[in-house]
Amino acid sequence: MKDRDSFIECLSPKQLAELDACTQCGECLKYCPVQEVTGNKAISPPEKIRMFREFIRAAEGLKARLFGSRIDDKLLQDFVKAVYECTTCGACGQACTVGIFTQRLWPFLRKEMVRRGLGPIGAQAETPDAVKNTGNPYKKPAEERFKPWFPENVRVSEKSEIAYYAGCTGAYEAQPMVKGDVIVLNAIGVEFTMLPPEEEVCCGFPLFITGQHDMLEDLVKRLVDAYSDRGVKTLLCSCPCCVNMMTRDWPVFYGRELPFRIRHITQFVADAINNGRLVIKKKLKERLIYHDPCYLSRGVGITEEPRMVLESISGVKLLEFDRNRANSRCCGAGGAARKVYHENAVAIGRLTIDEAVAKKADRLILSCPACYAKVNEAMEGYDKKIRIVDIMELVSGLIEGK
Amino acid sequence: MNYYGLILALLVYTSYAALFLRLLWRILFLLKASELANAGNKPPAKASAKIITNGIFDIMFLARLFRANECLWLGEWLFHITFLMVMVRHLRYFIEPVPQWLVDFQKAGIGAGYIFLLALVYIMAFKLFIEKKKYLSSYNFFLLTLLLLIAVSGFLMKNFIQADIVNVKTFMMGVFSFRMYQAPSSILFSFHLIMSLIFLIFLPTHVFSAPYTILEAHKHDEELKGLMYER
């Protein structure tokens, strides 16, 4: 029986302890990308926690139990705005002085808002129907998922121990990236399988991150069973959000350990380079700067493999952002906030462009389709310019000899 | 026993009862939360000896705060450690006979009291003047102000307007053994005690939950190293 008044039904005891543990020191504000571009403390991490504590107190406190709960509607509205304007990048948690895992906390606070009928907001609310009807959050037809970008010379097996999941954002919004992935896999000479376009549905991340969990169990079971039927032992993917969802949440929604392991494409390619199965012969005399995607670095701990791949290219000088690896700055695309708070997302994306240009990089290397789409968008109409390339797009260009 | 002493004693009992109720309520609340099956949340991971050791180090030295802000860390760490020392020093007002180690500790405890006051002033000034653009919590300022008042009144009592120590100890031991004695006539003592009781009522519960979340963060960091590399 769900208690409408309660604010704790979507949270684990650990997350409740995290809400209590926040000392309101405000150190996290220095790293919050939304703070960087808005300066609005009302939507800052400690303020979100303070507001949520108020709700818990108002609903669960002794006074509420004795005299009934009374929730401040205005405060609820403010909280909804704050929690959905967040990019869920988790930089606040990385800097947190008491170690709160905020990249995980915010989505569950959003889930509570969805349960109360207050979230999601704007276009995010269309995601469940879009996924239900088309299999992806972009409402694009399944037949266009692979067709526009999939290279004719790359062969996909019916069954294989290795599978590749392109992901919706890559397939529809960052096609050079997923094209690069399959070209590189083909060059390695590995036999891999893929689900047909109508079966390769959304991994569930956009639903998870906006707090809309109802369809997740069904989606995850469909995908896991489909890969399992193909004899898959390793599932490769280049999208950090998908990888994060697969690694952290698929086992939870599947109800048990997955019958295959998840690997990010850069892990697989770095291994192939190390054991000589992939040789990048062409030189590239350029200064490259690599941006760590939040859900790849802070999310699943992949920071070195992309650098290993880039450093294996002869002639490359690899530069670093001031904030790199687990401390990286969000590109602005995270948390589905870009669908609603477009201006914030563009302004945050431009911070990454500014630093890459200031460091005199020839190219900005990304490894996330959401970053790819958003940073490219941020550069439209902007006076500072830099070439934006996905890591596998770059590698595929060098091994194809273009 | 005068009415004044009775009022002070009642204030002590009320504030302790309030703190006890608050903590009990919080424990019951967490027990209720742990009974809920929250879909989408994994059960917590186990902690190895290495994680526990690193976690304890982190908690004792506020290592995460050090990494985030060295200047603030200096004030906060000194504040926390000297606060603990001052509390230990004050045990002599509640124990009879006073054990030798506590007698020996008095000098260090008095020294800690001065550093405690300086650390509070430093933190307050740092937040108000140096990092004023950052998020400021009114609750934190309320607690800081309370602690400053407690520290200043303690400082004044120690150095300028002494209270009758024997009277203070007799009264406090009486309160805690439910035997009422004459309250000290020192207004400064009453102020010091009342501010301390208010602080007790508003004691931030992060003193209990933050060590837990810091330990969990160490588990998370360890998990992250192997998350994509297992099997």
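For B:Leu30, the stated conditions hold: it is within 14 Å of chain A (Cβ to nearest Cβ) and modelled with pLDDT under 95.
Considering the conditions (1) in contact (Cβ under 8 Å) with a residue 40 or more places away in the chain; (2) crowded, with 22+ Cβ neighbours inside 10 Å, A:Val83 is excluded by exactly one of them, (1). So which residues in the range B:115-144 are away from chain A (no Cβ under 14 Å) and open to solvent by less than 60 Å² (accessible area, probe 1.4 Å)? Of everything in the range B:115-144, those that are away from chain A (no Cβ under 14 Å) and open to solvent by less than 60 Å² (accessible area, probe 1.4 Å) turn out to be B:Phe116, B:Leu117, B:Ala119, B:Leu120, B:Ala125.
As for the range B:204-221, it holds at least one residue that is of a type in the set (Val, Ile, Thr), surrounded by fewer than 16 Cβ atoms within 10 Å (Cβ to Cβ), in contact with a helix residue (DSSP H, G or I) (Cβ under 6 Å, 6 or more places away or on another chain) and within 14 Å of chain A (Cβ to nearest Cβ). The residues of the range A:233-263 that are in a loop (DSSP other than H, G, I, E, B), farther than 26 Å from A:Gly180 by Cα and not charged (D, E, K, R), listed by number, are A:Gly255, A:Leu258, A:Pro259.
Being open to solvent by less than 40 Å² (accessible area, probe 1.4 Å) and either facing another protein chain (nearest Cβ under 8 Å) or closer than 22 Å to B:Ile59 by Cα (or both) is a description that does not apply to B:Met195.
Only one of these is within 10 Å of chain B (Cβ to nearest Cβ) and open to solvent by less than 10 Å² (accessible area, probe 1.4 Å): A:Glu47, A:Glu112, A:Glu18. Name it.
A:Glu18
Restricting attention to the range A:264-277, the residues being part of a helix (DSSP H, G or I) and crowded, with 18+ Cβ neighbours inside 10 Å number 8. Criterion applied to B:Leu156, B:Leu148 was being under 30 Å from A:Pro45 (Cα atoms) and either out of contact with any Gly (no Cβ under 7 Å at 6 or more places or on another chain) or assigned to a loop (DSSP other than H, G, I, E, B) (or both), and the one residue passing it is B:Leu148. Residues to consider are A:Phe253, A:Phe321; find the one that is within 19 Å of the chain's Cα centre (by Cα), farther than 22 Å from A:Leu185 by Cβ, aromatic (Phe, Trp, Tyr) and surrounded by fewer than 23 Cβ atoms within 10 Å (Cβ to Cβ). Among A:Phe253, A:Phe321, only A:Phe253 is within 19 Å of the chain's Cα centre (by Cα), farther than 22 Å from A:Leu185 by Cβ, aromatic (Phe, Trp, Tyr) and surrounded by fewer than 23 Cβ atoms within 10 Å (Cβ to Cβ).
Annotation for the range B:160-169: at least one member residue is open to solvent by less than 40 Å² (accessible area, probe 1.4 Å) and farther than 26 Å from B:Ala17 by Cα.
What residue, among those in the range A:281-300 that are in a loop (DSSP other than H, G, I, E, B) and open to solvent by less than 20 Å² (accessible area, probe 1.4 Å), is farthest from the other protein chains (Cβ to nearest Cβ)? Here the answer is A:Leu284. The set of residues in the range A:2-15 that are touching a residue at least 12 places away in the same chain (Cβ under 8 Å) and more than 7 Å from chain B (Cβ to nearest Cβ) comprises A:Lys2, A:Arg4, A:Asp5, A:Ser6, A:Phe7, A:Gln15. Tallying residues that are open to solvent by less than 90 Å² (accessible area, probe 1.4 Å) and more than 23 Å from B:Leu148 (Cβ to Cβ) within the range B:182-192 yields 1. Would you confirm, using the coordinates I've provided, whether A:Ala91 is away from chain B (no Cβ under 11 Å) and open to solvent by less than 30 Å² (accessible area, probe 1.4 Å)? Yes; evaluated as a whole, the condition is true for this residue. When A:Gly68, A:Gly122, A:Gly61 are screened for being open to solvent by less than 20 Å² (accessible area, probe 1.4 Å) and either over 18 Å from the mean Cα position of the chain (by Cα) or closer than 30 Å to B:Trp77 by Cβ (or both), only A:Gly61 passes.
Close contacts from the range B:114-138, counting a first residue that is over 17 Å from B:Leu65 (Cβ atoms) and a second that is modelled with pLDDT of 90 or more and among the aliphatic types (A, V, I, L, M), with Cβ to Cβ under 6 Å and a gap of 6+ residues or different chains, come to B:Ile115/B:Leu78; B:Phe116/B:Val86; B:Phe116/B:Ala151; B:Leu117/B:Ala151.
The values are calculated or read from the model by the stated rules, or taken from the named source; none is laboratory data. Just so it is clear, the structure is predicted and the values come from calculations on it, not from any experiment. Please note: Cβ atoms are built from the backbone with ideal geometry, for glycine as well, and neighbour counts cover all protein chains shown. Only protein heavy atoms, including side chains, enter the accessible area calculation; ligands, DNA and RNA are left aside. Shrake-Rupley method; radii C 1.70, N 1.55, O 1.52, S 1.80 Å.
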